[in-house]
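Everything on this sheet refers to the single structure shown next.
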Amino acid sequence: MVKYIFKRLLHFIPLIFGMTFISFLIIKLAPGDFLTSIKMNPSVSKETIKALEKSYGFDQPVMKQYFLWLWNAVRFNLGYSMSYHRPVISLIGERVFNTLSLTVSAFLISWLFAVPLGIFAAYFRNRFTDKFIIAISIVGISIPSFFIAFLLMFIAAKTGWFPIGGVVSQNYETLSFLGKVSDRFKHMFIPLTAMVIGSISSLVRLIRGTVIDELEKEYVKLTKAKGLPTGVILFKHVLRNALNPFITLIGFDIAGLLSGAALIEIITAWPGMGRLMFDAVMAQDFFVVMGGLYIGGVMLIIGNLIADVLLALNDPRIKEREIEGQL
Amino acid sequence: MKNLYRKHKVGAVSFVFLIAFYFIAVLADFIAPYPYDIQFRHNPYQPPTPIHFFDEEGRFYLVPFVYGHKLVDPVFKQYTIVQKEKYPVEFFVKGEPHYLFGFVKTDIHLFGVKDGGKIFLLGTDRLGRDIFSRLIYGTRISLTIGLIGVLISFLIGLIVGAVSGYFGCVTDTVIMRLVELLMVFPSFYLLLALRSMFPVDIPSIAVFFIIVAILSLIGWTGLARIVRGMVLSIRERDYVKVAKVMGGSNFYIIKKHIIPGTLSYILVAAMLSIPGYILGESALSLIGLGVQEPYPSWGNMLAEAQNVTKLSSCPWLLFPGVAIFTVIVSFNLFGDALRDYFDVKV
């Protein structure tokens, strides 16, 4: 197992290298940089600009700049934000919690709802329950998440049921512990619902399809003939066999934990990574953009790695191959 | 086709819907009562104009009419109905001149009201522009971006996947590493970073093509992988081996024997991935990086709804979202029907 994980990790190193290099080139190719607007300001002297360029290393050749950045990034020193005047890593660290609280909840809720619904629909396939679930899920995957966010914001503005924007209320510090928790959840309601509806719907469809395929196999007939209870058939036999494609999906979900909520964050003014990246791209805050892409890429790789490991755990054939030395 | 209709009525209906949408896109100048950029400065945030068959005394009118509206409170945008002013809604009325199909100059619009009356089926925005007209013009962006985007990315994905799967060995390894590399990018961040390469205030047409290019660049990788897998299995079939023995060139075999084997899958996958492009464009335009004002796209029309106070007093600003939903649901239902029909897994 260790050998397997190690191999996968080695496999990912060139990917991170290539990804950061391409991003670096893209951003360098973009017209202007953060200093452009400062240069326009006549009250800033040429010497100051020179000094600024030097302090950010912009006077070096591009390749040297890249390797300097990479060398620091490997040690998680991501440079200094030009618009916030703070180290990028602390900036990102601050936002990561907000984003993760949103995306992890969305991830858990989607799977918690989608797995039983999908199995349920598959078990009652082509009957009314199934058709109903499928019809709802078609609506769910077709309704854009930002549109759900707008609808909820409209309802919230009309009724005042839920706060709009931000992570906590202004009087957050004065609240009791329980009050703080419920305040956070209330603020999370709109972005979370907007994200979850689409992901539950698409998951339900996938799970239903896979489980139906599995239910039609011979061994299910055997378990039925043996007189096993339905619950055991579904959850012990069918689900285990139908699991593989979903593990890959879980990997994708983990990979998207940092970047997946970006659009919703921007719209609902949720101060997370997506919002930070958007502002940074707009302000051409070079190190923040690079840092965000880098951390996002690392996250993707971790997600894929977890998926690979889970797959190996669930599928004994991969272990066997390792024992036989084929990996 | 007949079979498709008989078995999948919902899919067939959504197909008709889509055709209707494309007609609207082509005939936008004619169907929209006003040009997309005309500003009625005295009618900002006017609510949708109701169409009446009965007047205030309960008399029935065969030709429906609209009342005139007057802005009474310019701060809170309150309107009153002027009951004396009645404007019949007519078909084929003269309005602003436009070029039908780009070259037929005419001033006839599908419907409208005459002499000083105004009809805003879905209300107006902050500059007093008719949202219905803008919505109609917006179909052009949303419906073409999906088709062109899918066309480009599927062409790339198909060719790269076929080449990679067919040749195998080094070619395959190199190409698949490249695909993996592109997949490592967090796609929304990549979208932002790529868009930032270009200035924000470039012409709408240029923005449109940049968005298509970016979305396609991100979109082709998944398909290339799947096509490669299919080709790997097709390559081992007897007819491909025969073609090789008989001296067919690689290009010929890929074109004649490999790609056709993947076509039904491609068609379904294409149909089901169009919504992604529509959503991508709307999202970019929504946050101000896509199609720029004054040209309308459903995304940039929704941008106004980001202001919560405006949104709560003017809910008709959300209509573009309804339009996006309708188109996407149609594509999804049609794609589903095609999938069942061809019996492929996507």
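The values are calculated or read from the model by the stated rules, or taken from the named source; none is laboratory data. Since we're looking at a predicted model, the values are computed, not measured. Here Cβ is always computed from backbone atoms with ideal geometry, including for glycine, and neighbour counts include all displayed protein chains. With ligands, DNA and RNA removed, areas are computed over all heavy atoms of the protein, side chains included. Shrake-Rupley method; radii C 1.70, N 1.55, O 1.52, S 1.80 Å.
Going toward the positive end of the dipole of the range B:49-119, with +1 on Lys and Arg Cβ and -1 on Asp and Glu Cβ, which of B:116, B:82, B:97 do you reach last? Ranked along the dipole, the leading option is B:97. Its Cα centre serving as origin, chain A has a Cβ charge dipole (Lys and Arg +1, Asp and Glu -1) of approximately 560 debye.
Summarise the partner chain shielding of A:14-20 as one whole number: the mean count of Cβ atoms from other chains within 10 Å of each residue's Cβ. Mean partner-chain Cβ count within 10 Å for A:14-20: 4. Residue separation of residue A:85 and residue A:228 scaled by 0.36 nm, minus their Cα-Cα distance, works out to 45.0 nm of gained length. Quick one: grab the alpha carbon gyration tensor of the range B:41-109, order the square roots of its eigenvalues as a ≥ b ≥ c, and give me rounded if a/c is under 1.5, else prolate or oblate depending on whether a/b is larger than b/c. Verdict is oblate for the range B:41-109. Computed about the Cα centre, the dipole magnitude for the range B:135-342 is approximately 660 debye when only Lys and Arg (+1) and Asp and Glu (-1) carry charge, each at its Cβ. Each listed q (0.09, 0.10, 0.18 Å⁻¹) maps to a log10 I(q)/I(0) for the range A:96-237, found by the Debye formula over equal Cα scatterers with no solvent: -0.41, -0.48, -1.01. A protection proxy built from the mean count of other Cβ atoms within 10 Å ranks the segments A:184-191, A:294-301, A:218-225, most packed first, as A:294-301, A:184-191, A:218-225.
Once the Cβ-Cβ distance of residue A:36 and residue A:97 is raised to the sixth power relative to R0 = 56 Å, the FRET efficiency obtained is 0.95.
In a shell of Cβ-Cβ distance under 13 Å around residue A:302, excluding residue A:302 itself, what net charge do Lys and Arg (+1) and Asp and Glu (-1) give? Local net charge: -1. Rounded to the nearest 20 debye, the dipole magnitude of the range B:49-119 is 120 debye, with +1 charges on Lys and Arg beta carbons, -1 on Asp and Glu beta carbons, and the Cα centre as origin. Each principal axis of the Cα cloud of the range B:135-342 was evaluated for its coordinate range; sorted largest first, these ranges are 71, 39, 25 Å.
Note on residue B:241: accessible area approximately 100 square angstrom, rounded to 10, probe 1.4 Å, nucleic acids and ligands left out. Taking the Cα of residue B:7, stepping 7 Å toward and past its beta carbon, and measuring to each backbone N in the range B:266-293: which are under 16 Å? Within reach of a label on residue B:7: B:268. Above 39 Å lies some portion of the pair distances; for chain A, what is it as a whole percent of all C-alpha pairs? That tail contains 30 percent of the Cα-Cα pairs. Counting Cβ atoms of other protein chains within 10 Å of each residue's Cβ and taking the mean over peptide A:148-155 gives 5.
In units of the rule-of-thumb radius 2.2 N^0.38 Å, the range A:1-141 shows an alpha carbon radius of gyration of 1.70.
Here the gap between residue A:171 and residue A:248, fully extended at 0.36 nm per residue and compared with their Cα-Cα distance, gives a gain of 23.5 nm. Between the residues A:15, B:305, B:257, the greatest Cα displacement towards the positive end of the dipole of the protein assembly as shown, with unit charges on the Cβ of Lys, Arg, Asp and Glu, is found for B:257.
Applying 1/(1 + (r/R0)^6) with r as the Cβ-Cβ distance of residue B:103 and residue B:19 and R0 = 25 angstrom yields a FRET efficiency of 0.60.
Build a GNM of chain B with springs between Cα atoms under 10 Å apart, and of B:321, B:335, B:58 the one that fluctuates most is B:58. Considering only Cα atoms, the convex hull volume of the protein assembly as shown works out to 247 Å³ per residue. With every protein chain in place and a 1.4 angstrom probe, the accessible-area ranking of A:6, B:198, largest first, reads A:6, B:198. By the compact-protein rule of thumb, 2.2 N^0.38 Å, the alpha-carbon radius of gyration of the range B:116-221 corresponds to a ratio of 1.52.
For a paramagnetic label modelled at 7 Å from the Cα of residue A:235 toward its Cβ, which residues of the range A:122-150 fall within the zone defined by backbone nitrogen distances under 13 Å? Answer for the range A:122-150: none. Across peptide B:172-179, the mean count of Cβ atoms from other chains lying within 10 Å of each residue's own Cβ comes to 1. When B and A come together, around 3900 square angstrom of accessible surface is lost from both chains combined, probe 1.4 Å. Only lysine pairs 8 or more places apart, or on different chains, with alpha-carbon atoms under 18 angstrom apart are counted in the range A:94-315, and they number 6. Per-residue 3J(HN,Hα) values for the range A:18-26, derived from phi via the Karplus relation 6.51 cos²θ - 1.76 cosθ + 1.60 with θ = phi - 60°, read x, 4, 5, 5, 4, 4, 4, 4, 4 Hz in sequence order (x marks Gly and Pro). Among the chymotrypsin sites (Phe, Trp or Tyr not before Pro) found in the range B:230-269, not one is both in a DSSP coil and sparsely packed, with 16 or fewer other Cβ atoms within 10 Å of its Cβ. Accessible area per residue was computed with a 1.4 Å probe on protein heavy atoms; residue B:230 scores about 50 Å².
Under 16 Å from a label point 7 Å along Cα→Cβ of residue B:90: give me every residue in the range B:29-59 with its amide N that close. Taking a point 7 Å out along Cα→Cβ of residue B:90, the residues of the range B:29-59 whose backbone N falls under 16 Å are B:33.
Here residue A:54 is the anchor, and the lysines within straight C-alpha reach of less than 27 Å, apart from those fewer than 8 places off in the same chain, are A:28, A:39, A:46, A:64. Ranking A:195, A:287, A:220 by how far each Cα lies toward the positive end of the dipole of the range A:176-327 (charges on Cβ) leaves A:220 at the top. Here the simple spin-label model places points 7 Å from the Cα toward Cβ, and for residue B:217 and residue B:345 these points are separated by 3.4 nm. If I take R0 = 25 Å and measure r between the Cβ atoms of residue A:155 and residue B:293 in this structure, what FRET efficiency does the formula 1/(1 + (r/R0)^6) give, to the nearest 0.05? E between residue A:155 and residue B:293, to the nearest 0.05, is 0.35.
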